[in-house]
Amino acid sequence: MELRNIRIWDGRAEGYLEADGLTIEGTRITRIGDPAPDAIDSSGLTVLPGLMDAHVHLCLDPDVRSPDDQITDVDALLPAMRSRAEAMVRAGITTARDLGGGTWAELRLRDEIAEGGTPGPRLLCAGQPITSVGGHCHFWGGEAADANAALEVLKRQTDRGTDLIKVMATGGTLTPNTTPADAQFDTGTIAAIVEASAASGRHVAAHCHGTAGIINAVEAGVRTVEHCSWVGPDGWGKHYDEAAVASMAAKGTWVSPTINLGWARFRGNKPLESLRQDNLAKLRAAGVGLIASTDAGIPGVRHHDLAAALREFAHFAGLQPGETLRAATSDCARALGIDTVTGAIDVGLEADLMVVEGDPLDDLAVLATPVEVIARGRAMLGTLANAR
Ligand SMILES: [Zn+2]
């Protein structure tokens, strides 16, 4: 596919490129600029890297409130997961990191998508999260009483072919009898997990609501801190820890704050809204990188709503549209360790792209209705060639 008269944002620059031609051959971007005269005229359109959601759960049905009521039979689960994946890629999400389930069905989906048989985003999957006995999401099968048991759970995931490891460093809201403020593992146990993961070439993503767990996870060297909710005895967001943040900045730890459309409920709710905004502003000022994520699959959070959620992300994190988009493209790719594969528009990278009308660097709202989405070089909507 070859496009001419198209405006290009490469996922990194402050503004648009001078070049206005883009060539895709097979799955890759092979040329920027110098379009052939018979290329598809894309006047009025802008191409940017496809969006990335750094935290989803494809196995979860967002319309089901209790984890006990979720489908766990893989044969029944897979068709629903396929339709979620298709809705995601059609909405411009060309990469997603799946941070946990109980059956490894998302790994099957990942491979189906990679083989080209099923439309969907490029998936990175964590499999069963390592959790304490009775801990957060223990029903997914990753319980571990100590460091040795944690390494056994870890081996079970890598044997299955997961792309990374997820650890539950604190309790969560989804699991009865766990408390978001409480740490589930000490630093030594998480460090053993990080070391064993690194030995097999994998990063660790740590679910962290409570400040105690954030401190343990950062100290242990995890790659991404999920949620980062700063919960403690006084409640959510009230236990921001400057030393932990300085450590994140020094180690290059990324924060994936899982800001979804549900955060709209905090808007105008002054103590909660400004608390969240202040915490994120302080993180950014300290030099910690943020990546876009939604926790899609949890109650009420639909898998394909990232583009709309980016407006909430921008609002709460105080980001300009370009900064928001970097967190959902090139920065996210760096955090996930796939920036040599995707996340930007560059010759040699995979063609994971979205095409929109309007000016995404001025107004994120234009992302809501992509004209075309290209994933691994394949047009997902099939509109571009026909319309032009
Ligand atoms: Zn999650």
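Against the conditions (1) touching a strand residue (DSSP E or B) at 6+ places or on another chain (Cβ under 7 Å); (2) of a type in the set (Ser, Thr, Tyr); (3) within 30 Å of Ala87 (Cβ to Cβ), Thr173 satisfies every one except (1). I'd like the full set of residues that are closer than 14 Å to Met354 by Cα and of a type in the set (A, V, I, L, M), limited to segment 2-50. Within segment 2-50, Leu3, Ile6, Ile8, Leu22, Ile24, Ile29, Leu45, Val47, Leu48 qualify. Filtered by the rule that a residue be buried (at least 24 other Cβ atoms within 10 Å of the Cβ) and in a loop (DSSP other than H, G, I, E, B), segment 145-163 gives a lone residue, Thr162. Taken over segment 1-43, the criterion of being under 15 Å from Asp346 (Cα atoms), β-branched (Val, Ile, Thr) and not in a loop (DSSP other than H, G, I, E, B) is satisfied by Ile8, Thr23, Ile24, Ile29, Thr30, Ile32.
What residue, among those in segment 188-243 that are within 16 Å of the ligand (Cβ to nearest atom) and of a type in the set (Gly, Ala, Ser), is nearest to Phe313 (Cα to Cα)? Result: Ser229.
For the condition surrounded by fewer than 22 Cβ atoms within 10 Å (Cβ to Cβ) and not in a strand (DSSP E or B), Arg326 does not qualify. Among the β-branched types (Val, Ile, Thr), within 16 Å of the ligand (Cβ to nearest atom) and modelled with pLDDT of 95 or more, is that true of Val255? Criteria met by Val255. Set side by side, the residues Thr72, Thr23 differ, and just one is free of Cβ contacts under 8 Å to residues at least 60 places away in the same chain, assigned by TED's automatic domain parsing to the domain that holds Arg90 and either surrounded by fewer than 17 Cβ atoms within 10 Å (Cβ to Cβ) or over 19 Å from Val301 (Cβ atoms) (or both), which is Thr72.
Consider segment 44-64 and keep the residues that are outside any loop (DSSP other than H, G, I, E, B) and away from the ligand (no atom under 16 Å from the Cβ). The one that is nearest to Leu349 (Cα to Cα) is Pro49. The listed residues are Gly221, Gly161, Gly172, Gly235, and the only one of them that is within 17 Å of Leu99 (Cα to Cα), in the same structural domain as Lys251 (by TED's automatic domain parsing) and free of Cβ contacts under 8 Å to residues at least 40 places away in the same chain turns out to be Gly172.
The values are calculated or read from the model by the stated rules, or taken from the named source; none is laboratory data. Note that the structure is a prediction, hence the values are computed from the model and not measured. Backbone-built Cβ (ideal geometry, glycine too); neighbour counts: all protein chains shown.
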